[in-house]
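The values are calculated or read from the model by the stated rules, or taken from the named source; none is laboratory data. Owing to the predicted nature of the structure, the values given are computational and were not obtained by experimental measurement. Cβ coordinates were reconstructed from backbone atoms using ideal geometry, including for glycine residues, and neighbour counts include every protein chain displayed.
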Amino acid sequence: MGSLRTKPKSYPALVAARAGGAGWTLRPASGATLLAGTESTASVQTPADLLMASLASCLAISLDMAAERMAVDPGAVELAVTAHIDGDLPRRFNRFEVTVAVPGIADRAVAAELLERAKRICTVSHTLNADIVLGVAA
């Protein structure tokens, strides 16, 4: 049997344009507008915020796919992502910790399997060159 392959996909450009002050306006092809800068505020996200949001949203969507395949209902899921930068150069995120509350699944082994399946589906987790540690919330 040959190796598994997925259908190639390209994404349209996301445009970053200088906004007033020290920030940037980010415009994906969808037309949404995000503001990025060096300090997090209610309306401005840092690159770290956006990276963690990418990982969280990808894992959340992948978790839905995995739950459907496993025929389980995880309930009102909540993911919390923390990121860590090591002290070496070049400066990079070397570890992400994702804690996932799955209140609809009492069996922790089933919840852990769901998280592992979601991680295997998530394109962002495959793309990052860092450890991604998953844990089920208590």
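What is the one condition in (1) within 18 Å of Ala83 (Cβ to Cβ); (2) out of contact with any Pro (no Cβ under 9 Å at 6 or more places or on another chain) that Gly23 does not satisfy?
It fails just one condition, (1).
Which one is surrounded by the fewest Cβ atoms within 10 Å (Cβ to Cβ) among residues in segment 1-28 that are within 26 Å of Lys119 (Cα to Cα) and of a type in the set (A, V, I, L, M, F, W, C)? It would help to see each step written out before you state the result.
Our first condition is that a residue be within 26 Å of Lys119 (Cα to Cα); within segment 1-28, this holds for 1-14, 28.
Imposing the further condition that a residue be of a type in the set (A, V, I, L, M, F, W, C) reduces the set to 1, 4, 13-14.
Working: Met1: 3, Leu4: 5, Ala13: 8, Leu14: 12.
Looking at residues that are within 26 Å of Lys119 (Cα to Cα) and of a type in the set (A, V, I, L, M, F, W, C), I get Met1.
Listed here are the residues, each with its yes/no results for (1) aliphatic (A, V, I, L, M); (2) within 18 Å of Ser125 (Cβ to Cβ); (3) without any contact (Cβ under 8 Å) to a residue 12 or more places away in the chain.
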{"residue": "Leu55", "(1), (2), (3)": "yes, yes, no"}
{"residue": "Glu68", "(1), (2), (3)": "no, no, yes"}
{"residue": "Asp73", "(1), (2), (3)": "no, no, no"}
{"residue": "Ala83", "(1), (2), (3)": "yes, yes, no"}
{"residue": "Asp88", "(1), (2), (3)": "no, no, yes"}
{"residue": "Phe93", "(1), (2), (3)": "no, yes, no"}
{"residue": "Val100", "(1), (2), (3)": "yes, yes, no"}
{"residue": "Gly104", "(1), (2), (3)": "no, no, no"}
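Among the residues of segment 95-138, which ones are in a helix (DSSP H, G or I), of a type in the set (A, V, I, L, M, F, W, C) and over 14 Å from the mean Cα position of the chain (by Cα)?
Kept after step one, since they are in a helix (DSSP H, G or I), are these residues of segment 95-138: 108-121, 123-127.
The next check asks that each one be of a type in the set (A, V, I, L, M, F, W, C); those that pass are 109-112, 114-115, 118, 121, 124.
Within segment 95-138, Ala109, Val110, Ala111, Ala112, Leu114 qualify.
Report, by residue number, each residue of segment 96-110 that is in contact with a strand residue (DSSP E or B) (Cβ under 6 Å, 6 or more places away or on another chain) and surrounded by 14 or more Cβ atoms within 10 Å (Cβ to Cβ). Give the steps one after another, and end with the answer.
Quick first cut of segment 96-110, residues in contact with a strand residue (DSSP E or B) (Cβ under 6 Å, 6 or more places away or on another chain) only: 96-101, 108.
If the condition is that a residue be in contact with a strand residue (DSSP E or B) (Cβ under 6 Å, 6 or more places away or on another chain) and surrounded by 14 or more Cβ atoms within 10 Å (Cβ to Cβ), then Phe96, Glu97, Val98, Thr99, Val100, Ala101 are the ones that fit.
Looking at (1) within 24 Å of Ile121 (Cβ to Cβ); (2) in contact with a Leu (Cβ under 8 Å, 6 or more places away or on another chain); (3) hydroxyl-bearing (Ser, Thr, Tyr), which is the only condition Ser43 fails?
(1)
Only one of Glu78, Glu113, Glu68 is modelled with pLDDT of 95 or more, more than 22 Å from Gly37 (Cα to Cα) and either touching a Leu at 6+ places or on another chain (Cβ under 7 Å) or surrounded by 15 or more Cβ atoms within 10 Å (Cβ to Cβ) (or both). Can you tell me which? It would help to see each step written out before you state the result.
Details: Glu78 fails: either touching a Leu at 6+ places or on another chain (Cβ under 7 Å) or surrounded by 15 or more Cβ atoms within 10 Å (Cβ to Cβ) (or both); Glu68 fails: either touching a Leu at 6+ places or on another chain (Cβ under 7 Å) or surrounded by 15 or more Cβ atoms within 10 Å (Cβ to Cβ) (or both).
Only one candidate qualifies: Glu113.
Can you give me the ranges of the strands (runs of 3 or more DSSP E) entirely in segment 17-94 with at least 3 residues that are within 15 Å of Leu128 (Cβ to Cβ)?
Working: elements: 24-27, 34-36, 78-85.
Hits in segment 17-94: 78-85.
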